[in-house]
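Since the structure comes first, as structure tokens, the remarks are kept for the end.
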Amino acid sequence: MNAFWKIAVIGSGPAGFYATGELFRQQTWSFKVDMFDRLPTPYGLVRGGVAPDHQKIKSVTKIYSRIAENENFRFFGNVEFGSDIFRSEILEFYDAVIYAVGSPCDRSLGIPGEGLPGSHSATEFVAWYNGHPDFCEHEFNLSVKNAFIIGMGNVALDVARILAKSPEELSKTDIADYALDKLYESQIENIWLVGRRGPVQAAFTPVEAREFLELENADVMLEGGPLELDRESQRIIETTASKDTKKNYEILKQISENNSYNKRKRVRFLFLTSPLEILGNKCVKKIKMVRNILVKRDDGTLRPEATSDFMEENADLIFRSIGYQGNPLDEIPFDQNSGIIPNECGQIIDDFKDKLLRKREYVAGWIKRGPTGVIGTNKQDAVETVHRMMQTIVQEKIEPMEQNDNFVLESLLKERNVKYVTFEDWKLLDEYEKNAGQSLERPRIKITSIKKILEIIQKIKK
Ligand code: NAP
């Protein structure tokens, strides 16, 4: 097959790049890929979500930037699908499209007081300290003592760790400057991590949990008594538990045995507890919680069930960290319950009843499978989507459309006054940010306003 297939990829996070990489890896097919992102900067959650003290994880962008060097790749940053460019146009210009837009929304707890000032989603806080342009104006009052994080996943651990570390520990990272300044003023002493189920059911991974044993400025402890398991969890840990769960359990055992507390801050793991109400008049003052027991369901899972053992603690700052959720896109089916675009191996399902599949529209990453797994999980996921797409093209005998002029899209965007950012532009900004960080021994100093990003790129180009 000699003709080029033109593919649009919406979203420049790991899933978008792994899909692109897989397209370019094909020997007998030729692809041209245009990747769109509503932000002027690429890499999605690697830039805006991965914790600033986890720089090693961010080195995965080297792979993505190599993919972007392919002569058949173009990046259109600062172009929003559904407002700067529309589905009908994408389907007109491209043979197929892969939506890799992630799960940008947070889930709410649905308890009274959740909307009080001082109660936030972890999503907002993570985006804020990572310098995401949409969140850099957010305010978090860190001049308080007691922070609660609801949830026991890796995002909850990220938030707890950022609050627990000293600003000096974070000063050599690429944390947003304004967040670092704010953390220098932090008065936070108690950082509670609240999980509705037990230690064996915690969603975090051991590498992340172990970091709490090495904090310079914070002790870590287990709340609610010694580490004891219910009978079923005990059975699981002795038999079917995964390696990670067993390691988590060992780390938590170590934490529970620690009884020397002499650091300024404390991270308190509290299992088997659910928040019931956030109390306060003008802002968060207290949190009311209930202790849970675990009850085995018919499907074998252990679910939390509230007891009549209530507790109330002083709380000034609350972060709910109970998972992300996808956002519907214009003219694309969306499953409200699971927060994903319904699909079969990455091919969008238009109608479940008749199993109607969209022939030219695909999904990859969190919007395809939900917010699970680590960055690498997206590779396999994207590979599956790309192969499903090629299989459909063959089965349905879809011919590549006549090649549109490469510049039609650019003219359209210019006509609309959309100031798009190319990958070459991004590389200029990337260098600029890295240079700015160099004398301070920081990986980079992030520019966090879109206006400023565009100005800097223009200035360097002149
Ligand atoms: P997650 O791993 O799904 O954890 C969500 C947590 O929220 C679970 O502890 C869950 O408890 C709890 N939860 C859910 N609904 C709740 C409710 N109504 N009340 C109380 N608790 C509730 O989600 P995440 O932490 O947002 O992470 C998303 C993905 O990104 C994960 O795959 C994660 O591993 C990954 N990630 C990885 C890293 C890293 O590798 N360093 C860093 C950040 C994120 P139940 O188990 O009881 O449902």
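Numbers at a glance
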item: Cβ-Cβ under 6 Å pairs, at least 6 apart or on other chains, segment 116-138 side touching a residue at least 12 places away in the same chain (Cβ under 8 Å), far side part of a helix (DSSP H, G or I) and acidic (Asp, Glu); result: His138/Glu124
item: Selection count where residues are under 26 Å from Ile175 (Cα atoms), touching a residue at least 40 places away in the same chain (Cβ under 8 Å) and assigned to a loop (DSSP other than H, G, I, E, B), scope segment 1-47; result: 8
item: Hits in segment 30-52 (condition: over 22 Å from Asn78 (Cβ atoms) and surrounded by 18 or more Cβ atoms within 10 Å (Cβ to Cβ)); result: Phe31, Ala51, Pro52
item: Qualifying residue in segment 204-211 (condition: within 16 Å of the ligand (Cβ to nearest atom) and in contact with a strand residue (DSSP E or B) (Cβ under 8 Å, 6 or more places away or on another chain)); result: no
item: Residues being crowded, with 19+ Cβ neighbours inside 10 Å and away from the ligand (no atom under 16 Å from the Cβ) - total across segment 269-289; result: 1
item: Restricting segment 391-405 to residues that are in contact (Cβ under 8 Å) with a residue 40 or more places away in the chain and either within 26 Å of Glu80 (Cα to Cα) or in contact with a Gly (Cβ under 7 Å, 6 or more places away or on another chain) (or both), the residue that is farthest from the ligand (Cβ to nearest atom); result: Gln403
item: Enumeration of residues in segment 378-417 that are of a type in the set (Asp, Glu) and assigned to a helix (DSSP H, G or I); result: Asp381, Glu384, Glu410, Glu415
item: Output for segment 290-312, where each listed residue is open to solvent by 90 Å² or more (accessible area, probe 1.4 Å) and part of a strand (DSSP E or B); result: Lys296, Glu305, Ser308, Phe310, Glu312
item: Meets criteria (out of contact with any strand residue (DSSP E or B) (no Cβ under 9 Å at 6 or more places or on another chain), over 19 Å from Asn327 (Cβ atoms) and of a type in the set (Gly, Ala, Ser)) for Ser59; result: yes
item: Within segment 338-394, considering residues that are among the basic types (Lys, Arg) and out of contact with any helix residue (DSSP H, G or I) (no Cβ under 7 Å at 6 or more places or on another chain), the one most open to solvent (accessible area, probe 1.4 Å); result: Lys353
item: Sole exception among (1) touching a Leu at 6+ places or on another chain (Cβ under 7 Å); (2) touching a residue at least 40 places away in the same chain (Cβ under 8 Å); (3) among the charged types (D, E, K, R); (4) surrounded by fewer than 17 Cβ atoms within 10 Å (Cβ to Cβ) for Glu441, by number; result: (1)
item: Listing of strands (runs of 3 or more DSSP E) fully contained in segment 316-377 that carry 1 or more residues being within 16 Å of the ligand (Cβ to nearest atom); result: 317-320
item: Residues of segment 313-333 satisfying the condition of being free of Cβ contacts under 8 Å to residues at least 24 places away in the same chain and open to solvent by 50 Å² or more (accessible area, probe 1.4 Å); result: Pro328
item: Verdict on Lys263 being part of a strand (DSSP E or B) and more than 26 Å from Pro371 (Cβ to Cβ); result: no
item: Residues within segment 210-226 that are at pLDDT 95 or above, of a type in the set (D, E, K, R) and open to solvent by 20 Å² or more (accessible area, probe 1.4 Å), tallied; result: 2
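Each row is one residue, and each column tells you yes or no for (1) within 16 Å of the ligand (Cβ to nearest atom); (2) open to solvent by 30 Å² or more (accessible area, probe 1.4 Å).
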residue: Pro104; (1), (2): yes, yes
residue: Ser143; (1), (2): no, yes
residue: Phe148; (1), (2): yes, no
residue: Ser166; (1), (2): no, no
residue: Lys172; (1), (2): no, yes
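The values are calculated or read from the model by the stated rules, or taken from the named source; none is laboratory data. Computed from a predicted structure; not experimentally measured. All Cβ positions, glycine included, derive from the backbone under ideal geometry; neighbour counts span all protein chains shown. For accessibility, only protein heavy atoms count, side chains too; no ligands or nucleic acids. Shrake-Rupley method; radii C 1.70, N 1.55, O 1.52, S 1.80 Å.
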